[in-house]
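So the structure is just underneath, and the comments pick up after that.
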Amino acid sequence: MSPTPGRSTTAVWGGETEHEPYEGATQVPVVHSVSFGYRDIEAWQAVAQERAPGHIYSRNTNPTVRAFEEKVRDLEGAESATSFASGMAAISATFFALLRPGERVVSIKDSYGGTNKLFTEFLPPFGIEVCLCDTSDFERIEAEVRRGCRLLYLETPTNPTIKIVDIGRLAQAAHAAGALVAVDNTFATPINQNPLQCGADLVLHSATKYLGGHADALGGAACGASELVRKLYHFREINGAALAPMDAYNLLRGMKTLALRVERQNDNALSIARWLQSQRVIEQVNYPGLESHLHHDVARRQMRGFGGMLSFSVRGGLEAIKQFLPRLRYAHRAANLGCVETVVGPPLVTSHVECTPEERAAAGIPEGLVRYSTGIEDVSDLIEDLEQALACIA
Ligand SMILES: Cc1ncc(COP(=O)(O)O)c(C=O)c1O
């Protein structure tokens, strides 16, 4: 591979040029074996002590899982990567491996619902102070970081209000305060944004979404400097939330088309957002590619494409979307995103189902908001479909 291959080439070949093909197989084999045996005790010991390459036990490392990790590492331009059974396992490992009682984490109010639960329910009993700031108030986030912080945890674009956070600016403030910076890059994908290049120390993924792209495998990943990733790996090898080899294979196969899919999803989402903006029954459209987006300028600077995720609210709120969503022909109504098919869902039954109506209101999520994950279908079909379904709203 050339020293700086393009993103499409990296999606196809990343993590796959170094391994020895098994009996000439051009595809990474799915190695289901839990353990790896050695006749020679010294060779076994060398692998176990990490003095020689190889595998011992699949909760620690596995050849198929390693290929997945290497592909994500290449796509994020990181020194090292490790994997997890799901995105939430990656996020939990970040907190429990890096934070200690008495330390403080600063984050945003709009993080994914599961992440928010970790902040509000699981970290405080361990004596970890959590400070959640208004996502768009960068000055407040900087001020809270200066008050003392071990970890600044960001997500951009956010779920489901599609806000944009300035990674470079906030990473600078965090580093000045001696804090680490972790960014959930699930929505942007490494095709549109590389947080490590913007100054983050750690980038996290729910591989379940765009990386896999086909809604058939759960997985998570973390990338960064070896020393830092090693801490998360160590937590995972003990806590046991390991990625399964078959899931790693499905994710690997999906990632080969990541660049193609995401480029199409970027184009589709921008066209749909612009079309929705011109519809009288649409109250609000949240998409960073629109000039009207609060942080369109930040998105232009830190993203190569604006992503496939948008959200919008329709006139008539919850009652209206109860009529409108069932009429869509080309959309799964489901709690997922980032796959080849378009997926729609109101946050009140998807990302923020665990929140109370008051918590959703505080996070700026109207009960009638629709999250729209654009698929790779022909955009003219998606717009026609939206048009016929929205016709039911007076
Ligand atoms: C931004 C973001 N991060 C993390 C997660 C959690 O990922 P997983 O479902 O793979 O645990 C999700 C799930 O929707 C998400 O949207």
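Could you say whether any residue in the range 107-130 is in a loop (DSSP other than H, G, I, E, B), surrounded by 21 or more Cβ atoms within 10 Å (Cβ to Cβ) and of a type in the set (Val, Ile, Thr)? Show your work before the answer.
Of the residues in the range 107-130, the ones in a loop (DSSP other than H, G, I, E, B) are 109-112, 123, 127-128.
Those left that are additionally surrounded by 21 or more Cβ atoms within 10 Å (Cβ to Cβ): 110-112, 128.
Checking which are of a type in the set (Val, Ile, Thr) leaves us with 128.
Within the range 107-130, one or more residues are in a loop (DSSP other than H, G, I, E, B), surrounded by 21 or more Cβ atoms within 10 Å (Cβ to Cβ) and of a type in the set (Val, Ile, Thr).
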field: Members of the range 137-170 that are under 14 Å from residue 184 (Cβ atoms) and of a type outside the set (Val, Ile, Thr)
entry: 151, 152, 153, 154, 155, 157, 159, 160, 163, 170
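Applying the selection to the range 212-240, what residues are part of a loop (DSSP other than H, G, I, E, B) and within 10 Å of the ligand (Cβ to nearest atom)? It would help to see each step written out before you state the result.
Restricting attention to the range 212-240, the residues satisfying the condition of being part of a loop (DSSP other than H, G, I, E, B) are 212-219, 225, 240.
Selection gives 212, 217, 218, 219.
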- prompt: Which residue pairs have Cβ atoms under 8 Å apart, sit 6 or more places apart or on different chains, and have a first residue in the range 45-72 that is small (Gly, Ala, Ser) and a second that is in a helix (DSSP H, G or I) and crowded, with 20+ Cβ neighbours inside 10 Å?
  reply: 58/65; 58/245; 67/248; 67/252
message: Show the residue pairs meeting these rules: Cβ distance below 7 Å; 6+ apart or different chains; first residue within the range 201-213 and in contact (Cβ under 8 Å) with a residue 12 or more places away in the chain and of a type in the set (Lys, Arg); second residue assigned to a loop (DSSP other than H, G, I, E, B) and surrounded by 24 or more Cβ atoms within 10 Å (Cβ to Cβ).
response: 209/186; 209/337; 209/338
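Quick one: how many residues across the range 83-120 are small (Gly, Ala, Ser), within 11 Å of the ligand (Cβ to nearest atom) and touching a His at 6+ places or on another chain (Cβ under 9 Å)?
Filtering the range 83-120 for residues small (Gly, Ala, Ser) gives 83, 85-87, 89-90, 92-93, 97, 102, 107, 111, 113-114.
Add one more test, that the residue is within 11 Å of the ligand (Cβ to nearest atom), and what stays is 85-87, 89-90, 92, 111, 113-114.
From what is left, the residues that are touching a His at 6+ places or on another chain (Cβ under 9 Å) are 87, 90, 113.
So the count comes out to 3.
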query: Looking at the range 121-159, which of its residues are within 16 Å of the ligand (Cβ to nearest atom) and among the β-branched types (Val, Ile, Thr)?
result: 135, 156, 158
- request: List every residue pair whose Cβ atoms lie under 9 Å apart, where the two residues are 6 or more positions apart in sequence or sit on different chains, the first residue falls within the range 333-350 and is acidic (Asp, Glu), and the second residue, located anywhere, is outside any loop (DSSP other than H, G, I, E, B) and within 11 Å of the ligand (Cβ to nearest atom).
  value: 341/373
- request: Report yes if some residue within the range 227-247 is under 30 Å from residue 384 (Cβ atoms) and among the hydroxyl-bearing types (Ser, Thr, Tyr); otherwise report no.
  value: no
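Where a number appears in this text, it was derived from the coordinates with a stated rule and is not lab data. Remember, it's a predicted structure, so these values are computed and weren't measured experimentally. Methodologically, a virtual Cβ is constructed for each residue, glycine included, from the backbone with ideal geometry; neighbour enumeration extends over all protein chains shown.
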